[in-house]
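Notes follow once the structure below has been shown.
The values are calculated or read from the model by the stated rules, or taken from the named source; none is laboratory data. It should be emphasised that the depicted structure is a prediction, and the values quoted were computed from it without experimental measurement. Note that we place each Cβ from the backbone using ideal geometry, even for glycine, and neighbour counts take in every protein chain shown.
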Amino acid sequence: MSNELRELSFTVSGRVGRPVDEVYEAVADPEQLTRYFTTGGARGRLEPGAEVSWEFADFPGAFPVTVVEADAPRRLVIRWEGVDSIDPDTTTIFEFEPVDDGARTLVTITERSWRPTPGGAENAFGNCEGWTMMLTALKAWVEHGINLREGFYA
């Protein structure tokens, strides 16, 4: 059995103080996503087979996103361009789990797969930072209507 590292991936998670339907909708709905994460605009709802576009005011340029799976309100799977990734696109999985008798939602985001190289590590760590910020911003938006991303990166 080989201990050789073949791919880089990560998982981040956090709890949002709202029911799972509301939290899922805040990610799937482009109008809400634009208010706290894709601050340059989100075009297209995250639905199965959809090709959508995300833009970030602080990182110019549109990012095409393909929706692989959308199983409301429990799971979203997307693919988008990866730099130094094993495939041309990385796969990102959002899982939404009701906790505390449905009063809160555990959101887990897993993204894979980058090459086990210095460039792959740099891009995986960068995306890990981005998804952690997204979870924090999602919590602030859904619970308090606050956009934490505005002015954060630029």
Residue within segment 96-108 that is without any contact (Cβ under 8 Å) to a residue 24 or more places away in the chain, touching a strand residue (DSSP E or B) at 6+ places or on another chain (Cβ under 9 Å), closer than 30 Å to GLY119 by Cβ and of a type outside the set (S, T, N, Q) present
no
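Run down THR38, THR34, THR66, THR11 and say which single residue is closer than 20 Å to THR132 by Cα, in contact with a Phe, Trp or Tyr (Cβ under 8 Å, 6 or more places away or on another chain) and either not in a helix (DSSP H, G or I) or not small (Gly, Ala, Ser) (or both).
On the way: THR34 fails: in contact with a Phe, Trp or Tyr (Cβ under 8 Å, 6 or more places away or on another chain); THR66 fails: closer than 20 Å to THR132 by Cα; THR11 fails: in contact with a Phe, Trp or Tyr (Cβ under 8 Å, 6 or more places away or on another chain).
THR38 is the lone residue from the list that is closer than 20 Å to THR132 by Cα, in contact with a Phe, Trp or Tyr (Cβ under 8 Å, 6 or more places away or on another chain) and either not in a helix (DSSP H, G or I) or not small (Gly, Ala, Ser) (or both).
Any residue in segment 2-10 that is charged (D, E, K, R) and surrounded by 15 or more Cβ atoms within 10 Å (Cβ to Cβ)? Even if it seems obvious, please write down each step before you answer.
First pass over segment 2-10, keeping only residues charged (D, E, K, R): 4, 6-7.
Now drop any that are not surrounded by 15 or more Cβ atoms within 10 Å (Cβ to Cβ), which leaves none.
Within segment 2-10, not a single residue is charged (D, E, K, R) and surrounded by 15 or more Cβ atoms within 10 Å (Cβ to Cβ).
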Looking for whichever is touching an Asp or Glu at 6+ places or on another chain (Cβ under 7 Å) and either more than 15 Å from THR136 (Cα to Cα) or small (Gly, Ala, Ser) (or both) here; the options are ALA62, ALA42, ALA50, ALA26. Which one fits?
ALA62
Of the residues GLY17, GLY44, which single one is farther than 23 Å from ASN123 by Cβ and free of Cβ contacts under 8 Å to residues at least 40 places away in the same chain?
GLY44
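Which one of ARG15, ARG112, ARG35 is within 17 Å of LYS139 (Cβ to Cβ), surrounded by 18 or more Cβ atoms within 10 Å (Cβ to Cβ) and out of contact with any Pro (no Cβ under 6 Å at 6 or more places or on another chain)? Steps first, please.
Working: ARG15 fails: surrounded by 18 or more Cβ atoms within 10 Å (Cβ to Cβ); ARG112 fails: within 17 Å of LYS139 (Cβ to Cβ).
Residue meeting the stated conditions: ARG35.
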Do we have any residue at all in segment 79-88 that's touching a helix residue (DSSP H, G or I) at 6+ places or on another chain (Cβ under 6 Å), surrounded by 15 or more Cβ atoms within 10 Å (Cβ to Cβ) and on the phi > 0 side of the Ramachandran plot?
yes
Does segment 52-61 contain any residue that is at pLDDT 95 or above, surrounded by fewer than 16 Cβ atoms within 10 Å (Cβ to Cβ), more than 22 Å from GLU97 (Cβ to Cβ) and of a type outside the set (S, T, N, Q)?
no
Within segment 96-137, track down each residue that is more than 16 Å from THR11 (Cα to Cα) and within 15 Å of the chain's Cα centre (by Cα).
ALA137
